[in-house]
Every structure is written in structure tokens, then in C-alpha cells.
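Everything below concerns the one structure shown next.
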Amino acid sequence: MSGFILISNRDGAPVDPLIVERMMDRLAHRGPDGRDTRVRGPVALGHLHFWATPESVGERQPLFDPDARVTIAFDGRLDNRGELLSALNMSAPEDRMLSDAALVLLAYGRWGEACFERLLGPFAVVLYDAVRQRVIYARDPLGDRTLFYHLQPGVLVVASEEQAVLAHPAVSDELDEATLALYFAVTTPEDGATFFRDIRELLPAQAMAVDAGGVRTWRYWEFDGSRRLDCRSDGEYAEQYRALLAEAVRCRLRSATSPMVMMSGGLDSTSVAALAARQMAEAGHAARLRSVSYVFDELTECDERPYMDTIIAPYGIEALRFSGDECWPLSHPETWPWNPNGPGRTPHRRLLDGVYATARSAGARVLLGGWFGDHHYTSVETWLADLLAERRWAEAAKEMAGHARRLGLRRVLGSASVHHMGRRALDAVPAGRLRPRRETPPASWLTPHAAGLVARSKTGALAVAGARRSEQVERMLGALSARAASSSAVDGSGAGVEVWYPYRDRRLVEFMLSVPGHQLYNRGRYKYVLRNAMDGLLPGKIRLRIRPTSLMPLYARGLLDRESRTVRGLLDAGDAVWPRFVRPDWLAAAYPARIEARIDGTEAILPWFCASFELWRRGLEQRGSPRVACYATSTWA
């Protein structure tokens, strides 16, 4: 992904070019194709170039419209170029080669601030309108591109990453304790909060305008929670889903180089690979689709080659593979990737780095995958209530009888689907004594200090009026998913690879939030609509697969075996900060017991969160940010 910075001295003082270069240097990993800046008095914009699409090759941003006196820096991809060109009355052959940034600049000239709602795809953009002396910046509705800012009366600083904002002398590197507490609670951060007190993150689907008259923030897109999709049959749902997923893949094949697919043996990534291979063949591509995968010779329970191999030959996929046996968490801790923007969340960074490095060495700049496909099915427990709501009583009874035969009546009556049906009935009761108040207790592992910070934080699920499945909305449109997607894309950019997510296509997301719950799970099958959609495109071994492969053995190899001394050293350090937020007695009981039990989940991953935070904190201190040291407490064991 490319990157950008903006400095606007609101007091009219000229921008210091040395500060501009310092901020640009912090984003050097985003600019393999060069960088350019535009400095005019109190305003400076800089752009770091990553040419991922054919239209972007050779482009030099920031772009400037001399007639409107508007300058733009853009990071992202537009998936509705044809629609925009038509709306802008641009039909000449040369118009089709305009870059996405140039199209956004033209769109702003035509529709002003209303242009953002017309853009489809992942993007972050900042514009300076010299006529109105106004800075405007916006972020895509799902938040797949990052945008951070620092705003005070004298200066506005905007950048693609926190570390670039921190490079400005007006910005403090003091940490935000509430954000740290929410990190250890493994929950949604406060709206716009980052790990640094002085830096805010623009939320997905938001735009902000700053000028002499003040600051204005607005949401330019909202998901319509009242939308309900009611097809006549499972086949109709599957047909629509396949069309939307195919279009999402097609948009992400628009690459300046031959794209690749990160392929495991799961249903999500193999569906992307099958559709991509078919589309490339139909379009007459000279090259075959290439896939990149990690495989395991030692940890065979993690190996998915038996599933991958079933589609490689039929689709003529050129499969590139590397061994994942040595990619355990904290392998080679002295070179473990350090991210100045925040502590790492995934313990499997080495696997991802291997994927990115393999793709880049093969000449690919764009990588597709099945990431975030699971998020579509977060609220599977709604299937029974939705069948009953549609008066499909016989089908519901048949399904419940089948569950009872397999699991036993007691387990069925205590299942999440039955509980959800009861909650839906309670929600229909007017508020008052008959409806119990739902309160979420603090996480059991938090210290009283951390629990207090979490309780006082203004955080919670994304509110969408009329949404039938709030958990699914939060998982697909919420801040945690946006941060996971954008941070993975940032990691990929460091290796010279753009990471694009077909399952985070806005059209597909809206579809999945609108279908009834029985399309998420039905007839004993999780991912019901996807399995139906890929009938005839994927072999039965994948399409009818029941159990996903767990990487828990690799996780355990790192934290319990190969790097146990490293982990203990981080957790037992006399200046460790994590005990301020996580109860030492809880962690002592959980580590290593919960990992030895091989039970996936938040409680098993928490030791990694603590160790990862300590790694990040040490990196900050080594680079001259000592403020975090004041939080040190006693050791945990």
C-alpha cells in the first residue's frame, strides 16, 4: 500500500521541510516506487508511491488541479471505476487509464464532499482545497486503509500510520492507558483511540473537514440494518452470493503484475483461488494463477496439502510452498518484527512474512486470500429463530430432531441457537421488570485497575439501527476487524506486497448482513450459503469439509517449547508492565496450562498478548520513548 502525510500549520507559519522529510522517512516501507512532496507555505502534502494497479504505474502524487486549486494524496483502490467514469461523462479511451487518485480528484471537483459516498473500495484520502483553505480527509466504510491525525489549535498532522504522526515535534509519544487496558481485555478500542494519547484514528466511513471556521466530522455511509433479503430458495441465495464473490475477486485481479492467492486448504481461500483461476483463464491471461501456501512436514496436524492438492491440478494452479514448521511464535526473537504503531496481535507473523516474501520473490505485488471469511458467519445461532420467523416449522423441527439424535436433547436445549430464540422473544417484551438487564462483566483476568479503565471507556458494539445480528455487524464492520485488516496490509507493504481481501468487499458484506440466519448455518453445515455457492466449483473434499485446521500445535511449539525461555524472560522481567493490567495469579494458572490443553480462544492467546506487549514496550524504550516505564509494577510469579 502507498502512504501519505499532511501538515497544515493553522497559525499560518510556513512548514519546515525537515519535518516533512522526517515524517516521510517513517513511511519509507510504503514507497518502493519513490516519493514526492508538495510544500506551499503553511501546508505540505507528501506521498509514497506503491504502484499496484495498471493505472497507477508511473503516477506521481500528490496530484494538483490548477483550475480548482485542489491537491490530493490517495491510498487505495476504486472498484467502481466504470460507474464513476460514466457519472463524470468521461468516455474517451484515454479516460479509462486515469488513475484512481485522478478519478477521486475529478469526483471532488464535481460533487465536493459528497463524492466520498460514491467511492467503492478500500481507500484513505486527504485533500487540500486552497480556495476554501480547507483540509478534508476520509476513510473507506470498512476501514481497510489507515488514516491517523493529530489536531490542535496551531497545527493539523495527518498520516497513514501513527509513527509518521509521532515524527512531528508537536505530537507527544505518551501512551494511552485506557487503550492499553482495552488491548489486554481483548475487546473493541474506544472510537478513534490509539495507543498514543495525542493521536486519533479516523473511523471507517467518516470524513473530517478542518478550516478557519472549525472542525466538522460526519459519517458519509451507514449500513441499512432494516434491509432484509428474502429469496425463494437456497439456490437463489447461493447464486447471488457466488456472483458477488466472483465480482469481489475480479476487482482484486486488477493488478499491475500477475496476482497471487494465499491458499490454505480451507473453504474461504480455495473459493477465491478457484474463482480467480477461472476468471484469469476466461480473460485469456497468458500466465496461470499462482498460489502461495505454508505446509508442515513435522506438525502434520497443521498441514492442509491433502485439501489444497484437490484443486491445484483441475485449475492449473502453479503452487508455491514453504515450510511452516520453523515459523512458531517468537522464532528468532532477536529479529522478530517490531511495529512502532502498537503491539502485535497475531502470534503467526512468521507465517505471514513467509507468505509475503514468497509472493514478492515470485514477482507479485498483489496478494488475495480468504482472510475474514469466517467473520461472515459470526451469528450462526440465529438460524433456528429465522426459520421459525419464516414459518418454516417443519424444516426447523426436522433440523432440531437431527441435532437431538447427534448431540442429545439436553445439549440441544442448552445450545446457542435455542438461547438466541429465547433472547429474541425477551427482546419483544417492553423494557421493564419482565426484561432482565444485560450487563457484561469485566474479563476475569483483568486487574481492578484495568477493569476500571475498561468500565469507564466509551466503547461498545457498533450501533446499527434495525440490524438483526449485532455481533455479526460488529465483526464485519467494527473497529477490531478494520484494525486487523489494515494492520495486516501494513505488514504486507513492508515486504512490498499489497494484501487485498475479497471477503471484505462492501457489496458482499452488505449481502451477508441481510440474509436470514439459516444461510449462515443449516442442515448441520456451517458456511451454508458458501458451500452451496461453490457447488460444481470446488471438490467435495473441501466443500463438505467439517472441521477447520488449527494452528494451535504451532502456537504451543513456540510458547511452550522452543521459546519458553524467551516468553518467561518477557513475563518475569522486573520492569514488566503487563501485571498492571492482567492479574498475575490468573496468568500463572493459565500459562502454560491452557495452551497445554490445546484449547483455542481468548484465554489461550492472552499470554501471547502480554509477551507481545512487553516486546513492543522494550522497542519503544530502546528508541527513546521512556514514558511507558512509569507503569512498571512487581513481577507476576
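The values are calculated or read from the model by the stated rules, or taken from the named source; none is laboratory data. As the structure is a prediction and not an experimental result, all values here were calculated from the model. For neighbour counting, all protein chains shown are included, and Cβ atoms are generated from backbone atoms with ideal geometry for every residue, glycine included. Just the protein is used for accessible areas: all its heavy atoms, side chains included, with ligands, DNA and RNA removed. Shrake-Rupley method; radii C 1.70, N 1.55, O 1.52, S 1.80 Å.
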Query - Breaking point among (1) under 19 Å from the mean Cα position of the chain (by Cα); (2) in a loop (DSSP other than H, G, I, E, B), for Leu351 - result: (2)
Query raised in the report: Of the numbered conditions (1) over 30 Å from Leu538 (Cα atoms); (2) over 22 Å from the mean Cα position of the chain (by Cα); (3) outside any loop (DSSP other than H, G, I, E, B); (4) not β-branched (Val, Ile, Thr), Tyr237 satisfies every one except a single condition; which is it?
Result: (1)
Query raised in the report: Can you name the helices (runs of 4 or more DSSP H) wholly within the range 393-461 that have at least 1 residues being open to solvent by 40 Å² or more (accessible area, probe 1.4 Å), aromatic (Phe, Trp, Tyr) and at pLDDT 75 or above?
Result: 393-407
Requested in this report: Six or more apart or on different chains, Cβ under 7 Å: which pairs go from a residue in the range 123-149 that's more than 21 Å from Asn80 (Cα to Cα) and among the polar types (S, T, N, Q) to one that's open to solvent by 10 Å² or more (accessible area, probe 1.4 Å) and part of a strand (DSSP E or B)? Could you list them?
Outcome: Gln133/Asp211
Requested in this report: Identify all residues within the range 248-300 that are among the β-branched types (Val, Ile, Thr), out of contact with any Pro (no Cβ under 6 Å at 6 or more places or on another chain) and crowded, with 20+ Cβ neighbours inside 10 Å; write none if there are none.
Outcome: Val261, Thr270, Val292
Query raised in the report: Here is a list of conditions, (1) touching a helix residue (DSSP H, G or I) at 6+ places or on another chain (Cβ under 6 Å); (2) farther than 30 Å from Gln163 by Cβ, and Pro329 meets all of them except one; can you say which number that is?
Result: (2)
Query raised in the report: Is the range 552-562 home to any residue that is among the hydroxyl-bearing types (Ser, Thr, Tyr), closer than 30 Å to Arg305 by Cα and not in a helix (DSSP H, G or I)?
Result: no
**Report entry** Output for the range 20-58, where each listed residue is in a loop (DSSP other than H, G, I, E, B), hydrophobic (A, V, I, L, M, F, W, C) and surrounded by fewer than 17 Cβ atoms within 10 Å (Cβ to Cβ)
**Finding:** Val57
Query raised in the report: Do you know which residues across the range 256-277 are at pLDDT below 95 and either assigned to a helix (DSSP H, G or I) or among the polar types (S, T, N, Q) (or both)?
Result: Thr257, Ser258
Report task. Within the range 8-19, identify whether any single residue is surrounded by fewer than 20 Cβ atoms within 10 Å (Cβ to Cβ), touching a residue at least 12 places away in the same chain (Cβ under 8 Å) and closer than 20 Å to Trp500 by Cα, and answer yes or no. Result -> no
Query raised in the report: Within the range 537-570, can you find the residues that are open to solvent by less than 70 Å² (accessible area, probe 1.4 Å), over 14 Å from Gly265 (Cβ atoms) and without any contact (Cβ under 8 Å) to a residue 12 or more places away in the chain?
Result: Gly569
